[in-house]
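Down below is the structure, laid out as structure tokens.
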Amino acid sequence: MRTQVGIIGAGPAGLLLSRLLALRGIDTVVLENRSREYVEARIRAGILEQHTVDTLADAGVGDRLQREGLEHHGIYLQYPGTRHKLSFPELCGRTVWVYGQTEVVKDLIAAQLDGGPPLLFDVSDVLPEDVDTDSPRIRFTDADGVPQVLECDVIAGTDGFHGVSRPVVAGGTQGKLWERTYPYAWLGILADVAPSTDELIYAWHPDGFALHSMRSPSVSRLYLQVDPAEKIEEWSDDRIWTALADRFALDGWELHTGPITEKSVLPMRSFVSAPMRRGRLFLAGDAAHIVPPTGAKGLNLAVADVTLLASALVRLLREKQTDLADSYSDRALARVWRCTHFSWWMTSMLHRSGDDFDAELQLSQLRRVCGSESAARELAENYTGLPLDLSP
Ligand code: RFL
Ligand code: PHB
């Protein structure tokens, strides 16, 4: 087997990269170690920046998003006694969209299987090789158990945080890793109940952070800050709804409850691996970096990475120019660090550490963001998405 770009991982980063390259005449093969059903059912992100929406539309996978996505004009920041709306159009002229990552992935897979480049599910033993040469290859075992070799010009490692690509990059470069694990986790639920709010609510509460998000006019997505060691079995549906109602409590407002269809505990970490390239192997998305979900940045960062990477690979493979490929890692990392800071800042402002001094600093910061237009604008610009290229 031979292709121009071998792509490892069919998450949003790998699928979108394949699509962007196909539109510019570059061949790809995407290798995914899970089944299509598994990949399409994995519940994750919900907020898309305008840039992400535009990129998906330009790539020809925006029709359902435009029909079913919900445009949001701001968020509420809440702390006891106050629920304050930040209006994004007023603060920075932009909006964001609610459209589940599951739906983005389904749209990308449908486009790929409808005459797009090969997409192989259920492969195993995936290994990028000879990435320091001009003819790297990927060894893998196909779904029928047959060992295969995919000869490539370039390999894209879009295989997420637990993938095989990052260790190969880290093994051959003078690289560096940065990691921060947070002393809290999120208990996330999906519920068949209409959202109780028009915009997302980010709530600071003495018992811990809570977030009210949504997926559609009839499905709500909610999160509670819990201890990372918390066992999901100890959280009955009643206990979850009671904790959510306490943390979102506000005079004259009520939280609607309904059947919970999914619940899980999610760890939170910040992680950056640099550089995002070794020879002919390029990393993009969660394979190179993780942010805590408080800033809603992970999926948007993955899309920004592959937008830069697609242009760099077109220039490398069609025009034989290495400039964009050589600057890819630095340009991607400029944005990665901006989003890493913003996600850390939102996380630090909103989660209870248990320390009363921390709590007073957080409340002071929240009052500042809600009371000062310039402080609010800084949040709004970061949340709705900064320009693609942030390199100095
Ligand atoms: P993914 O989605 O993890 O996809 C990687 C793919 O690679 C496959 N894979 C392999 N394939 C072949 N061989 C191997 N050896 C392989 N190893 C792994 C995996 O099966 C998978 O299919 O990474 P990608 O494409 O970089 O996309 C990143 C996003 O998924 C992630 O950043 C977001 O979900 C983060 N995130 C959010 N981002 C946002 O922008 N807005 C949000 O509102 C938001 N909310 C969230 C989130 C992440 C969350 N969790 C679960 C961590 C909320 C949550 C709760
Ligand atoms: C979500 O809807 O899953 C979601 C929304 C906003 C966040 C994180 C997750 O900050």
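If you scan the stretch 21-50, which residues turn out to be free of Cβ contacts under 8 Å to residues at least 24 places away in the same chain and either within 11 Å of ligand 1 (Cβ to nearest atom) or under 18 Å from L266 (Cα atoms) (or both)? Before you say what the answer is, go through the steps one by one.
Kept after step one, since they are free of Cβ contacts under 8 Å to residues at least 24 places away in the same chain, are these residues of the stretch 21-50: 37-38.
The one that is free of Cβ contacts under 8 Å to residues at least 24 places away in the same chain and either within 11 Å of ligand 1 (Cβ to nearest atom) or under 18 Å from L266 (Cα atoms) (or both): Y38.
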| request: Report yes if V303 is at pLDDT 95 or above, surrounded by 23 or more Cβ atoms within 10 Å (Cβ to Cβ) and farther than 25 Å from D153 by Cβ, otherwise no. | output: no
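Looking at D125, D144, D159, can you tell me which residue is closer than 20 Å to V39 by Cβ, in a strand (DSSP E or B), out of contact with any Cys (no Cβ under 8 Å at 6 or more places or on another chain) and not hydrophobic (A, V, I, L, M, F, W, C)?
D125
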| message | Six or more apart or on different chains, Cβ atoms under 8 Å: show the pairs whose first residue is in the stretch 200-212 and of a type in the set (D, E, K, R) and whose second is more than 10 Å from ligand 2 (Cβ to nearest atom). | response | D207/A243; D207/D246; D207/R247; D207/R352
| field | Subset of the stretch 277-289 [more than 7 Å from ligand 1 (Cβ to nearest atom) and either in contact with a Pro (Cβ under 6 Å, 6 or more places away or on another chain) or within 23 Å of L56 (Cα to Cα) (or both)] | value | R280, L281, F282, L283, A288, H289
| field | Among residues of the stretch 258-286, those that are closer than 19 Å to A310 by Cα and surrounded by fewer than 19 Cβ atoms within 10 Å (Cβ to Cβ), counted | value | 1
| remark: Flagged pairs (Cβ under 6 angstrom, 6 or more apart or on separate chains; first in the stretch 290-304, under 9 Å from T52 (Cα atoms); second assigned to a helix (DSSP H, G or I) and within 7 Å of ligand 1 (Cβ to nearest atom)) are L299/P12; L299/Q101
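Inside the stretch 158-169, can you point out the residues that are within 9 Å of ligand 1 (Cβ to nearest atom) and either touching a helix residue (DSSP H, G or I) at 6+ places or on another chain (Cβ under 7 Å) or at positive phi (or both)? Break it down stepwise before answering.
Step one: of the stretch 158-169, the residues within 9 Å of ligand 1 (Cβ to nearest atom) are 158-165.
T158, D159, G160, F161, G163, S165 - these are the residues of the stretch 158-169 that are within 9 Å of ligand 1 (Cβ to nearest atom) and either touching a helix residue (DSSP H, G or I) at 6+ places or on another chain (Cβ under 7 Å) or at positive phi (or both).
Select, from T133, T242, T141, the only residue that is within 21 Å of Y79 (Cβ to Cβ), more than 23 Å from the chain's Cα centre (by Cα), of a type in the set (S, T, Y) and away from ligand 2 (no atom under 16 Å from the Cβ). Lay out the reasoning, then the answer.
Values: T133 fails: within 21 Å of Y79 (Cβ to Cβ); T141 fails: within 21 Å of Y79 (Cβ to Cβ).
After applying the criteria, what remains is T242.
Residues checked against (1) closer than 22 Å to S343 by Cβ; (2) within 16 Å of ligand 2 (Cβ to nearest atom); (3) modelled with pLDDT under 95:
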position	(1), (2), (3)
D153	no, no, no
G160	yes, no, no
R166	yes, no, no
T173	no, no, yes
L177	yes, no, no
A185	yes, yes, no
I189	yes, yes, no
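Would you say K85 is within 16 Å of ligand 1 (Cβ to nearest atom) and either touching a Ser or Thr at 6+ places or on another chain (Cβ under 9 Å) or on the phi < 0 side of the Ramachandran plot (or both)? Step through it out loud before you land on a result.
Details: within 16 Å of ligand 1 (Cβ to nearest atom): no; either touching a Ser or Thr at 6+ places or on another chain (Cβ under 9 Å) or on the phi < 0 side of the Ramachandran plot (or both): yes.
Considered against the rule, which asks whether it is within 16 Å of ligand 1 (Cβ to nearest atom) and either touching a Ser or Thr at 6+ places or on another chain (Cβ under 9 Å) or on the phi < 0 side of the Ramachandran plot (or both), K85 comes out as no.
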| task | Could you list, in sequence order, all residues of the stretch 216-239 that are surrounded by fewer than 20 Cβ atoms within 10 Å (Cβ to Cβ) and within 16 Å of ligand 2 (Cβ to nearest atom)? | result | S216, P217, S218, V219
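Output the residue which, of all residues in the stretch 181-192 that are in a strand (DSSP E or B) and exposed (fewer than 14 other Cβ atoms within 10 Å of the Cβ), is nearest to ligand 1 (Cβ to nearest atom). Working first, answer last.
Of the stretch 181-192, the ones in a strand (DSSP E or B) are 181-191.
Still in the running and exposed (fewer than 14 other Cβ atoms within 10 Å of the Cβ): 181, 183.
Values: T181: 13, P183: 17 Å.
This residue is T181.
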| said: For the list (1) in a helix (DSSP H, G or I); (2) touching a strand residue (DSSP E or B) at 6+ places or on another chain (Cβ under 8 Å), I need the number of the one condition that L20 fails. | reply: (2)
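The values are calculated or read from the model by the stated rules, or taken from the named source; none is laboratory data. Note that this is a predicted model, so its numbers are computed, not measured. In this analysis, Cβ positions are derived from the backbone assuming ideal geometry, glycine residues included, and neighbour counts consider all displayed protein chains.
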